[in-house]
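These notes are about the structure you will find just below.
Only the coordinates and a few stated rules stand behind these numbers; no lab work does. Because the structure is predicted, anything quoted here is derived from the model rather than measured. Note: ideal-geometry Cβ built from the backbone for every residue, glycine included; neighbour counts use all protein chains shown.
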Amino acid sequence: MDSPSGSIGTLPRALIAVEPSAEMRLSNPASPASDPKRLDEDAVWRAVETRDRGLDGQVYYAVKTTGIYCLPSCPARKPNRSNVFFYASAAEAEQEGYRPCRRCKPNAEAPASVWAGRVEQACRLMENAETPPALAELAHAVGCSAHHYHRQFKKALGITPRAYAAALQNHRVREALSRGATVTEALYEAGFNSSGRFYSGPSDALGMSPGSIRKGGASEQLTFSTMPCSLGHVLVAASAKGVCAILLGDSAEGLARDLRALFPTASLSEGGAKFAATSAAVVALVDTQNTKTEIPLDIRGTAFQRRVWEALRKIPAGQTQSYSDVAAAIEAPEAVRAVARACAANKLAVAIPCHRIVRRDGSVAGYRWGTARKRALLDREKG
């Protein structure tokens, strides 16, 4: 499983939440399904009788006289009820020796909406577990192989199950520290078996030190300066690690308010002579896209946001891509909306070039600092 880095705000969730029907989760000792959450056979049989596609991929029926299992919507002749058994997954039916039907192909790829529900189910299992469940355990819970589950989870959310689990643990650590728990208490509450496991991960996994979080972030020191540029004004803010915000706006006062809103508990101080070189390098980047001077960055975001931002930084100046292009580049083709949200959350204008993202038809829209600035940046890069 991947390990996410950066502070965790809103945890990634499935793009479409499709929960299995509540009436399917009732006890029935007659069912051969191995899952303790057994199926309501009467409800499933009604779905078979009506060939209800809504339950396809969530439940399967097998006919003992033919040795075949099917989807509820299978167009084959309706079997005798006394010869039918129900299963929560295709894998369970095959373990009992049944073959997949050649007409409805129950072992084929499930619809995207079904997989969204399975991913949502897996996310909730991780959220409710004291320690991160193993990949095989999650795959079994949603009724598929570990490899297939891993691939579909990443396809839906853009990150692996391990990255999601790690992000969830870090989120729990932050919450516990914010309540005043000690670092040790927070780590064990989040499911870390030892402090070594936590500290072996990325050093910036929480966005700031555990002690700073415990104090509400009040101990974090940020230096900033505001300077005029070709696009109005630019504010540059930096932590001890590097530049954490590059904001564009119409006035120094407005940008200062924006910075305070982004870092409400940090201690802010205006930069002096030592900060002048960093500020000048950022202005040169905004005005000329001069990348000769390397600017150290303190990039803060979820694992998914970082993947998106890394993809943005690979887009050459003078070229553009769509949200769909970026989603495909990070191997999450269905996460187009999540990519758009990650672009909107970018706090490092130009350094992370979200201005190079346009609509599929090439039109300009959706820029945090205004479409006029976006057009100006694109026109400048195209020469």
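When 380, 356, 300, 103 are arranged by Cβ crowding within 10 Å, least crowded first, meaning fewest neighbours, the order is 103, 380, 356, 300. Extension gain, residue 77 to residue 269, is 61.5 nm, computed as 0.36 nm per intervening residue step minus the present C-alpha separation.
Dipole of the range 303-382 computed with +1 at Lys/Arg Cβ and -1 at Asp/Glu Cβ about the Cα centre; of 372, 329, 355, farthest Cα towards the positive end is 372. Amide H contacts for residue 245 (H built 1.01 Å from N in the peptide plane; partners 5 or more residues away or on another chain; cut-off under 5 Å): 237. The label point for residue 368 and the one for residue 95, both projected 7 Å from the Cα toward the Cβ, are 4.7 nm apart.
In terms of other Cβ atoms within 10 Å, 94, 41, 130 run from fewest to most in the order 130, 94, 41. Label separation (residue 49 vs residue 229): 6.8 nm, computed from points 7 Å beyond Cα along the C-beta direction. Exceedance of the 18 Å cut-off in Cα-Cα distance is limited, within the set 155/347; 105/154; 78/105; 154/347, to 155/347; 105/154; 154/347.
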